[in-house]
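The values are calculated or read from the model by the stated rules, or taken from the named source; none is laboratory data. All of these numbers come straight from a predicted model, not from anything done at the bench. Note that we place each Cβ from the backbone using ideal geometry, even for glycine, and neighbour counts take in every protein chain shown.
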Amino acid sequence: MIRRRRECLSCKRRFTTYERLEEFEIKVVKKDGIRQPFNREKIRLGLAKACWKRPISDEQIDTLVSEIEAELYAKGDQEIDSATLGEMVLERLARLDQVAYIRFASVYLRFQDASDFVKEIKPMLRRNQEP
């Protein structure tokens, strides 16, 4: 990604643009079989909601999204199923913030009641207690 500082010629306001090499288009295969173009902004918005009021900066969220996107392009696959993409997000979010992970997981994994939260939290608590 290339970062550039620019200035508007009419109002003289300075701003930053980010340029990214456009590669082949990755399609996300939804559970119902519909294929949609990969949209990094959609992932970013979901992460921003999960990280709301947590000590996580926008830069950290952008870095996480960039890591996921880079991994997808590195694999070279033209398609990825939404479940795999969701697991990639969950894996990275678990390392970043446990509360944000649970928030994201509750929506992504469609928790139905409190027992679903408990099932997801128990392994996390066990990992925290290991020396």
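Just checking: which of the helices (runs of 4 or more DSSP H) contained wholly in region 71-131 hold 1 or more residues that are aromatic (Phe, Trp, Tyr) and buried (at least 16 other Cβ atoms within 10 Å of the Cβ)? Here the list reads 98-108. Kindly indicate whether any position in region 62-85 is over 17 Å from Val28 (Cβ atoms) and more than 11 Å from the chain's Cα centre (by Cα). No, region 62-85 contains no residue that is over 17 Å from Val28 (Cβ atoms) and more than 11 Å from the chain's Cα centre (by Cα).
Which of (1) in contact (Cβ under 8 Å) with a residue 40 or more places away in the chain; (2) closer than 18 Å to Arg103 by Cβ does Ile26 not meet, given it meets every other one? So the condition that Ile26 fails would be (2).
A Cβ distance below 8 Å, combined with a sequence gap of six or more or placement on separate chains, defines the contacts here; from region 45-68, residues that are closer than 14 Å to Gln98 by Cα reach residues that are assigned to a loop (DSSP other than H, G, I, E, B) and of a type in the set (D, E, K, R) in the pairs Cys51/Asp97; Arg54/Asp97; Pro55/Asp97; Ile56/Asp97.
Between Leu45, Leu72, the distinction of being at pLDDT 95 or above and farther than 20 Å from Asp116 by Cα belongs to Leu45 only.
Looking at this structure, is Ser57 more than 9 Å from the chain's Cα centre (by Cα), surrounded by 15 or more Cβ atoms within 10 Å (Cβ to Cβ), over 20 Å from Met124 (Cβ atoms) and not aliphatic (A, V, I, L, M)? It would help to see each step written out before you state the result.
On the way: more than 9 Å from the chain's Cα centre (by Cα): yes; surrounded by 15 or more Cβ atoms within 10 Å (Cβ to Cβ): no; over 20 Å from Met124 (Cβ atoms): yes; not aliphatic (A, V, I, L, M): yes.
Judged against the criteria, Ser57 is not a match.
Can you tell me how many residues within region 82-131 are of a type in the set (D, E, K, R) and closer than 19 Å to Glu67 by Cβ? Result for region 82-131: 5. Here Ile68, Ile2 are screened, and the one residue that is aliphatic (A, V, I, L, M) and either within 24 Å of Ser106 (Cα to Cα) or touching a helix residue (DSSP H, G or I) at 6+ places or on another chain (Cβ under 8 Å) (or both) is Ile68. Answer yes or no as to whether Gly33 is of a type in the set (Gly, Ala, Ser) and over 30 Å from Met124 (Cβ atoms). The answer is yes for Gly33.
Among the conditions (1) surrounded by fewer than 12 Cβ atoms within 10 Å (Cβ to Cβ); (2) farther than 25 Å from Ile2 by Cα; (3) at pLDDT below 90, the only one that Asp32 does not satisfy is (3). Hey, does region 82-90 have a residue that's of a type in the set (A, V, I, L, M), out of contact with any helix residue (DSSP H, G or I) (no Cβ under 8 Å at 6 or more places or on another chain) and either free of Cβ contacts under 8 Å to residues at least 12 places away in the same chain or more than 27 Å from Arg3 (Cα to Cα) (or both)? The answer is yes; a qualifying residue exists.
Within region 1-13, being at pLDDT 90 or above and assigned to a loop (DSSP other than H, G, I, E, B) holds for Cys8, Leu9, Ser10, Cys11, Lys12, Arg13.
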